[in-house]
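Remarks on the structure that follows.
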Amino acid sequence: MTTITVPIDKELALFIEEELSHGERESKAHLVRYALERLREERAFLRIEEARRDIRDGRVYKGDLKKILKKFK
């Protein structure tokens, strides 16, 4: 596991303390890991939504993947 140090402003520090006071998270580290996991899930969801729009709008590629990739190089 890697440890990082991140400077934050007073507003975020207060937010973290407020969240911890609710007792749903064990520690600051746990809260940050939870937030990063939610961000990862949000990004995955956005990629899925983008793929759905591409399909809906006809931006779909069919065929040999190697040949398709050569067109984009």
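A short reminder: the numbers here are calculations on the coordinates, not readings from a lab. All values derive from a computational prediction rather than experimental measurement. Here Cβ is always computed from backbone atoms with ideal geometry, including for glycine, and neighbour counts include all displayed protein chains.
Numbers below:
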read-out	value
Count of the range 34-73 residues which are touching a helix residue (DSSP H, G or I) at 6+ places or on another chain (Cβ under 7 Å) and under 30 Å from GLU24 (Cα atoms)	0
Test: residue in the range 29-36 that is free of Cβ contacts under 8 Å to residues at least 12 places away in the same chain, farther than 27 Å from VAL6 by Cα, of a type in the set (A, V, I, L, M, F, W, C) and out of contact with any Cys (no Cβ under 7 Å at 6 or more places or on another chain)	no
Qualifying helices (runs of 4 or more DSSP H) (wholly inside the chain; at least 2 residues being under 22 Å from the mean Cα position of the chain (by Cα))	10-21, 28-56
